1. Leaving out same-chain residues fewer than 8 places away, which lysines sit with a Cα under 27 Å from that of residue A:140?
2. How large is log10 I(q)/I(0) at q = 0.14, 0.15, 0.24, 0.31 Å⁻¹ when the Debye formula is applied to the Cα atoms of region A:68-111, each weighted equally and without solvent?
3. Give the long-range amide H neighbours of residue A:47: residues separated by 5 or more places, or on another chain, with amide H under 5 Å away, using H modelled in the peptide plane at 1.01 Å from N.
4. Residues of A:40-51, mean number of Cβ from any other protein chain within 10 Å of their own Cβ, rounded to a whole number?
5. Using only Cα atoms, figure out Rg for the protein assembly as shown and give it as a multiple of 2.2 N^0.38 Å.
6. Which of rounded, prolate or oblate describes region A:109-151 when judged by the alpha-carbon gyration tensor and an a/c cut-off of 1.5?
7. Taking beta carbons within 10 Å but only from partner chains, what does the mean come to for residues B:90-96?
8. With the cut-off at 25 Å, report for chain B the share of all Cα pairs above it, as a whole percent.
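Computed from the coordinates by the stated procedures, all read-outs in this text should not be read as laboratory data. Since the structure is predicted, the reported quantities are computational estimates derived from the model, not experimental observations. Here Cβ is always computed from backbone atoms with ideal geometry, including for glycine, and neighbour counts include all displayed protein chains.
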Amino acid sequence: MSKQRVIIIFPHPDDETFGTGGTIADFIEKGANVTYWCGTLGDMGRNMGNPVFANRETLSTHRRKELQEATEVLGIDYVHLGYRDKTIEFEPLEEIVTHLRTKLEQEKPDLVITHFPGYAVHPDHDALGRAAVEAVKEMKEEERPELWLHAISNQAATDLGEPAIVRDVSEYWDTKWKALRTHLSQADGMVDLLNREDQLERLKTERFYTGDQLR
Amino acid sequence: MEAIVREDVQKEIDAFAGKPVYVHLETTNGAYASHFNEKAHNVGAFIRNANVTYSHGKIISTGGGYRVGLKLELGWVYAEGLTDYEVDEQNRLLMAGHDEQGRLMVALEISQTPFAHEADSHE
Ligand SMILES: [Zn+2]
């Protein structure tokens, strides 16, 4: 499956690595052009480093820098979409849809990866995923990219069945791990997670529903 | 940020009394609380750039942390669980309470100029 132009649409610095880091590394190795459209700077995040090195007012600066480093590790570009953390669901949906559709029409990707709306746990994930799905639907059929959707909710498999795309990314684990570690302010909030072998194993497989699995 | 020294923070609170100030007040237990524990509720609230004037304010030690109350003409600003503070280079009083993993649980910040609110602005 060759994807030349891939756009990833998630709301927070670190979503790109957790959900799609291995897949990105794989695409890049195969010569694809991947851009991360990052919705917010994660400025309302709860993790301030451990020991604490950020505060509410400086967190976005740290996270912007971490995102810069992570995207360098992954070998991709990023664009900041300019929304504020925790508030995407309160913006008028049509405005975000138009914003994304206009940009997608310019960029003409073969593939868009975003969150599965309603199954992505964080309200920003659900809201931006919803807008991205709508934006793709509004595009002319001949320009419409393929859509892969990342679900996080424990409820996803029960409600939606198994994702159509299950990718073993253990071959790219070193890159994904390195990118994860660049998200330093968030890293120690991840410690619990990363110390658990089963959770680590989960991160070595990346799963995506496809557009026709939407409901 | 460093651990709150009550007397020092009290002086900072006093310095803003009687002046129009902008307040950021927030509490959160994270967006994933109910994802990792089905019985947990996600709880959070924030107000950014509330423009108020307080006649006086006080910081009280609770042993483990601190409470701050600011008396307004028509009400109060209140925060509990504060543990750390700093006065940043813009002379803003930033206070926060963190758990043992450095995660923010509560924040109360006071400034004479508005806090960044544009999506893109950062300092
Ligand atoms: Zn996220």
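1. Within the straight-line limit of under 27 Å, residue A:140 reaches these lysines: A:3, A:103, A:108.
2. -0.48, -0.55, -0.98, -1.05
3. B:104
4. On the way: counts 1, 4, 0, 4, 7, 5, 14, 6, 9, 4, 6, 3.
Mean shielding count: 5.
5. Values: Rg = 21.5 Å, N = 338, 2.2 N^0.38 = 20.1 Å.
Here the answer is 1.07, to two decimals.
6. Details: a/c = 3.36, a/b = 2.05, b/c = 1.64.
Prolate, because a/c is 1.5 or more and a/b exceeds b/c.
7. Details: counts 1, 0, 2, 0, 4, 2, 4.
Rounded to a whole number, the mean comes out at 2.
8. Working: 1872 of 7503 pairs.
The proportion of pairs with Cα distances above 25 Å equals 25 percent.
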